[in-house]
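Here is the structure we will look at, set down as structure tokens.
The values are calculated or read from the model by the stated rules, or taken from the named source; none is laboratory data. All of these numbers come straight from a predicted model, not from anything done at the bench. Every residue, glycine among them, receives a Cβ derived from its backbone with ideal geometry; neighbour counts consider all protein chains shown. Remember, those area values only see protein heavy atoms, side chains included, never the ligands or the DNA or RNA. Shrake-Rupley method; radii C 1.70, N 1.55, O 1.52, S 1.80 Å.
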Amino acid sequence: MAVAFHNLNSDSGLKKLDEYLLTRSYISGYQASKDDITVYSYLAKAPSAEYVNASRWYKHINALLRISGVSGEGAGVTVEGSAPITEEAVATPPAADTKASAAEEEDDDDDVDLFGEETEEEKKAAEERAAAVKASGKKKESGKSSVLLDVKPWDDETDMKKLEEAVRSVQMEGLTYGASKLVPVGYGIKKLQIMLTIVDDLVSVDDLVENYFTVEPINEYVQSCDIVAFNKICK
């Protein structure tokens, strides 16, 4: 069933998107798809840090567009109450938006341009984003790393099979799981050692640990995670 969003550039629209992405990495399914591109194209700018989940998702999709493209078909998504950002509009943001940003920063900087003129840096960034959207289907090689991770349970009564299943349930573009084993720690407690292969530009190990492996529902089994080894994979 297709999901629907309304007025994505309003506070209420961003709040709904943020809540929707609380338990999801993508708009639909377990990999980036055309649904993500559709929603991305309706956002006039990156969500503020206030919308933690929407901001994380936006940065991830932006990186995908620049590095590897998006090929998934998706399940279908509807966005109402706003228009998609066309390539021309992305390259030249509306003056009204720029004025609003300038007004918000007035208290912090007396030299703010109140007439909405773009700086060269802003114009270049906007043009790069437009080019990224246009070339979203093109592939580009990215560096990879091999990570050995220690995953520690709460105690000796933790079901280690369920712990590993919970860890491997985290799926995202650029993340591949490898071999694993249980290593005795002491007092009957064992920890899980598991190999991960990540695409550097798409996956952050810190983000994996802080926002996936040690939060609900996985933290029912996982007490903490430590990086044992981190090695770049030579091409």
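Listed by first and then second residue, the pairs with beta-carbon distance under 7 Å, at least 6 apart or on different chains, first residue in the range 159-184 and polar (S, T, N, Q), second part of a loop (DSSP other than H, G, I, E, B), are Gln171/Tyr30. Filtered by the rule that a residue be at pLDDT 90 or above, surrounded by fewer than 18 Cβ atoms within 10 Å (Cβ to Cβ) and of a type in the set (Val, Ile, Thr), the range 159-188 gives Val170, Thr176, Val183.
Screening Val70 with (1) of a type in the set (Val, Ile, Thr); (2) at pLDDT below 50; (3) in contact with a Leu (Cβ under 7 Å, 6 or more places away or on another chain) gives one miss only, at (2). Name the single residue that is farthest from Phe213 (Cα to Cα) among those in the range 1-51 being of a type in the set (Asp, Glu) and outside any loop (DSSP other than H, G, I, E, B). Only one residue fits best here, namely Asp11. Note on the range 27-63: among residues that are aromatic (Phe, Trp, Tyr) and more than 8 Å from the chain's Cα centre (by Cα), the one that is most open to solvent (accessible area, probe 1.4 Å) is Tyr30. In the range 207-235, which residues are farther than 17 Å from Glu173 by Cβ, under 17 Å from the mean Cα position of the chain (by Cα) and acidic (Asp, Glu)? Listed by number, the list holds a single entry, Glu210. Against the numbered list (1) open to solvent by less than 30 Å² (accessible area, probe 1.4 Å); (2) under 28 Å from Ser33 (Cα atoms); (3) in a strand (DSSP E or B), Met195 comes up short only at (1).
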